[in-house]
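Report on one structure; see the data block that follows.
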Amino acid sequence: MKVDGNWFNERTVKPIPKLLENKEEREVLRKIKKQKIYLLALLLPFILFVIGFEIGPLVAMIKNSFYADNGIQVTIDQYITIFKSKFYLQAIQNSLVISLFSAVTSVIIAVIAAYSITKFSQKIQNRLLMIANMTSNFEGIPLSFSFIILLGNNGLFTLLFSKIGGDVFADFNLYSWTGLILVYIYFQIPLAIMLIYPSYQGIKKQWKEASSLLGGSTLSFWLHIGIPVLLPSIVGTFSILFANSMGAYATAYALVGSNYNLLSLQIASLVASDVALKPQLGSAMGVLLAATMIGAMWFNERMMRRIRRDLR
Amino acid sequence: MKSSLTFHKVIVGLLVIYLLIPLVGTFLFSIAGKWDHTILPESYTMDWYIELFQDERFYDAFRRTLFLIVMSVGLSVVIMLPTIFIITVYFSKWEGLLQAAAMLPYGIPPIVGAVGLIKVYSDGPIQIAGTPWILIGAYFITILPFMYQGIRSSLRTINAVQLVDAAELLGATKFQSFRTVVFPNIISGILVSTLLSVALLFSEFAFANLLVGGRFETIQIYLADKLNSSGHLTSAIVITYYSMILLLTGIVLKLTFRNEKNPVVSNKKRILSFFKKQHCNKNTAIEGEK
C-alpha cells in the first residue's frame, strides 16, 4: 500500500506542477525574448552610425582605391601610379622622415624631462604636469599661427634676431622641413611627457637602494633596471607619436599649405581641393597611410611582446 | 646632490620656457599696440579684442561650431549610453565587438576618414557631403573612443551589472533600474568624457575643412582663413579660443580630482564592496552545493 501510495503520488501530484512550471517557464522565456528584441532595437542607432560613418567609408575607400580614374574599371593602377611617381613617393618619404624624426626627438626629450620632473616636490610635479596638459591642447591651426608670428618671415624673433645681428636665424625658414619639425616636436613633447611620466612612478626607490647595496652604480642601475622597466612605455609612446604625426594635417596645412610635399596634404588635395580631383588615387594613398599607421601599431605590439619575454 | 637638482631645474626650466613661449608670445601679440623691434611690446591696447567682438563673422562661426558640438556630443550621449549599458549588462558576449568598433576611430586619422566619407556621401542615396550633417556623423565617430571609455569605466566602477541584478531582484524593470540606479551614479563620469569631447571638437579642423570647408564656416575654418590677414586680430582669436579650451579642460581636471577624493563616492564604494561580498558568497554557496 505504501508503495502504491508513493506511486500514486508521483504519478498524479507531480506532473501537475511540472506542467504549470513549463507553462510559466515558456511565458517567462517569451517575455525575455520580447525584451531582448526591444533591447536589440535600442542598439540600432549605434549600429547605423558605425556602419554609416566608420565602417562604410573605410570599406568604400579601400574599394575605391582599386578603381581606375573613370571609376568603372577595376585595376591596381592607382598603386602602381604611386610607386612609380617620384612625387608621391617623396610625399610618403617626407611624412615618414618627419614623423620618425619628431617622434624620436620628442621621446628622448620627454624621457629626460619626465625624469627631471619626478625630482621635484609633489606640488610642483602636479603643476608641471598641468602645464604639459595645457600645452598639449595647443595644436593645429592656433599652434601654427603662433609659430608664424614668432618665427615666420615677419615674426617677432626673426625681426629681433636680425636687428641684433644674429646670423643664426638667417638661414632659418619656418615654412620648410626645419619649421615643420620644430612645430611637430612642440606638439609631441607634452603628449610624450604625459605618457611617459606615469611609468617613472613604477620605479621604486627601494630598487635603487637594493642595486646600490649590491654594488651597482647609478649608470648600471639605469642600464640594467631603469631603462628595461621604462622600455615598453617608451616604445609605446614612440609609436603613438609616430602615428600622431603621420596623420597630422591641420598643423602642416596652416604652416606650409601646399608648399611642402607631405602624404596627408597630398591626400587632402586629391580628394577635396578645387583643382584636379582624383578620388581613386587619393583613396589609394589613404589606404597606404592607414596601412602605415596599422604597421606602427603592429610594430609596437611586437616590440612590447619581445621586451616582456626578455623580462621574464 | 645639490648640483644634480640644479641640473633638473635647468631642464625643467628650459622645457617650461619652450612650451610657454608660443602661448605667451601670442597673448602679448594680441594686446600689443606697436611691437616690432623690442623684446616686449612698446604699447598695449585692447583694440584687437574690441574689433574681434564686433565681428559678426566670429559670432557666426562660433555659433556654428557650438551647433555641431551640441548635436554630435548630444547624439553621442543619447546613443552611446543605452548602447554600452545594454551590451555590458545584457549582451556581454558582444563586448569585444563593441570595444573594437569604439576604439577603431582612434587609429584612423581624420584625413583617412574624410576620404571614405566624401566617397560615400558625394553621390548615391544620401548626398550630404558639403553640409553640416556629414560633419555631425563624422564627429560622432571622432569622439566615440572617448565616450566609450568614459561610460564603460564609470559603469565598471559602480559595478553596474550587480546593481542591475539587485534592482531587478527587488522588482524594478530594466528601464527603472537604469534610470534610478545606474544613471545617477555615472553622471559625473559621463560629464568628464563629454567635456573632453567638446574640447576635442572645438579644435577639430581636418574634417571641417575637408568635408565642408567654407560652406559652413566653423571657428577653426574662420581662424585658418584669418591666418594671413592681421596678425594681431588673429592672435586675439587664438587667445579667446584657447581660453575656452583651457576652461573646459580645467573643469575636467577639477571634476576628476574631486571624484577621487569625494567622501560620498567612498561611501558608495563601501556599499558596492558589500554587494561584491554578497556576490562572492552566492558563488561559494553554489560551488558548495556541487
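Points worth noting:
- Residues in region B:160-217 that are of a type in the set (Lys, Arg) and under 23 Å from B:PRO110 (Cα atoms): 1 in all.
- Within the option set A:LEU159, A:LEU129, A:LEU143, being assigned by TED's automatic domain parsing to the domain that holds A:THR178, part of a helix (DSSP H, G or I) and within 14 Å of B:SER235 (Cβ to Cβ) holds for one residue only, A:LEU143.
- Residue count for region A:25-67, restricted to those that are more than 7 Å from every other protein chain (Cβ to nearest Cβ) and in contact with a Ser or Thr (Cβ under 9 Å, 6 or more places away or on another chain): 6
- Selection from region A:266-275 of residues that are more than 9 Å from chain B (Cβ to nearest Cβ) and surrounded by 23 or more Cβ atoms within 10 Å (Cβ to Cβ): A:GLN266
- Considered as a group, the residues in region B:1-37 that are at the interface with another protein chain (Cβ under 8 Å from one of its Cβ atoms) and farther than 24 Å from A:ILE189 by Cβ include one that is modelled with the highest pLDDT, and that residue is B:TRP35.
- Number of the condition not met by B:LEU210 [criteria: (1) modelled with pLDDT of 85 or more; (2) more than 10 Å from every other protein chain (Cβ to nearest Cβ); (3) more than 30 Å from A:LEU129 (Cα to Cα)]: (2)
- Condition check for A:PHE53: under 16 Å from B:TRP94 (Cβ atoms) and not aliphatic (A, V, I, L, M): no
- Among the residues of region A:39-55, none qualifies, meaning not one is of a type outside the set (D, E, K, R), surrounded by 13 or more Cβ atoms within 10 Å (Cβ to Cβ) and modelled with pLDDT under 85.
- Number of the exception - A:LYS278 against (1) within 12 Å of chain B (Cβ to nearest Cβ); (2) modelled with pLDDT under 90; (3) within 28 Å of A:ILE181 (Cβ to Cβ): (3)
- Condition check for A:VAL287: in contact (Cβ under 8 Å) with a residue 60 or more places away in the chain, more than 10 Å from chain B (Cβ to nearest Cβ) and over 30 Å from A:SER121 (Cβ atoms): no
- Comparison of A:LEU255, A:LEU230 shows that the only residue that is aliphatic (A, V, I, L, M), buried (at least 24 other Cβ atoms within 10 Å of the Cβ), at pLDDT 85 or above and assigned to a helix (DSSP H, G or I) is A:LEU255.
- Taken as a whole, the condition of being closer than 22 Å to A:ILE185 by Cβ, of a type in the set (A, V, I, L, M, F, W, C), part of a helix (DSSP H, G or I) and touching a Pro at 6+ places or on another chain (Cβ under 9 Å) applies to A:ALA243.
- Qualifying residue in region B:81-104 (condition: within 19 Å of B:ALA208 (Cα to Cα), of a type outside the set (Ser, Thr, Tyr) and assigned by TED's automatic domain parsing to the domain that holds B:VAL164): no
- Taking the criterion of being farther than 20 Å from B:ILE118 by Cβ and in contact with a Phe, Trp or Tyr (Cβ under 7 Å, 6 or more places away or on another chain), the only residue of region B:129-154 that qualifies is B:PRO145.
- Of the set (1) surrounded by 16 or more Cβ atoms within 10 Å (Cβ to Cβ); (2) touching a residue at least 40 places away in the same chain (Cβ under 8 Å), all apply to B:SER177 but (2).
- Subset of region A:217-256 that is of a type in the set (Ser, Thr, Tyr) and under 18 Å from the mean Cα position of the chain (by Cα) - its residue that is nearest to the other protein chains (Cβ to nearest Cβ): A:TYR249
- Within region B:240-255, the set of residues being at the interface with another protein chain (Cβ under 9 Å from one of its Cβ atoms), touching a residue at least 12 places away in the same chain (Cβ under 8 Å) and within 15 Å of B:VAL24 (Cα to Cα) comprises B:TYR241, B:TYR242.
- Residue that is nearest to the other protein chains (Cβ to nearest Cβ) [pool: residues in region A:85-131 that are within 18 Å of the chain's Cα centre (by Cα) and under 18 Å from B:LEU20 (Cβ atoms)]: A:ALA110
- Out of B:TYR106, B:TYR59, B:TYR121, one residue alone is more than 9 Å from chain A (Cβ to nearest Cβ), touching a helix residue (DSSP H, G or I) at 6+ places or on another chain (Cβ under 7 Å) and aromatic (Phe, Trp, Tyr). It is B:TYR106.
- Boolean, A:ILE82 is out of contact with any strand residue (DSSP E or B) (no Cβ under 6 Å at 6 or more places or on another chain), assigned to a helix (DSSP H, G or I), over 30 Å from B:PHE140 (Cβ atoms) and touching a residue at least 60 places away in the same chain (Cβ under 8 Å): yes
- Applying the criterion of at least 3 residues that are more than 18 Å from A:GLY282 (Cβ to Cβ) and out of contact with any Leu (no Cβ under 9 Å at 6 or more places or on another chain) to the helices (runs of 4 or more DSSP H) found wholly in region B:94-143 leaves B:95-107.
- Test: B:VAL78 is within 16 Å of the chain's Cα centre (by Cα), more than 13 Å from chain A (Cβ to nearest Cβ) and more than 30 Å from A:THR158 (Cα to Cα): no
The values are calculated or read from the model by the stated rules, or taken from the named source; none is laboratory data. Note that the structure is a prediction, hence the values are computed from the model and not measured. So basically every Cβ, Gly included, is an ideal-geometry build from the backbone, and we count neighbours across all protein chains shown.
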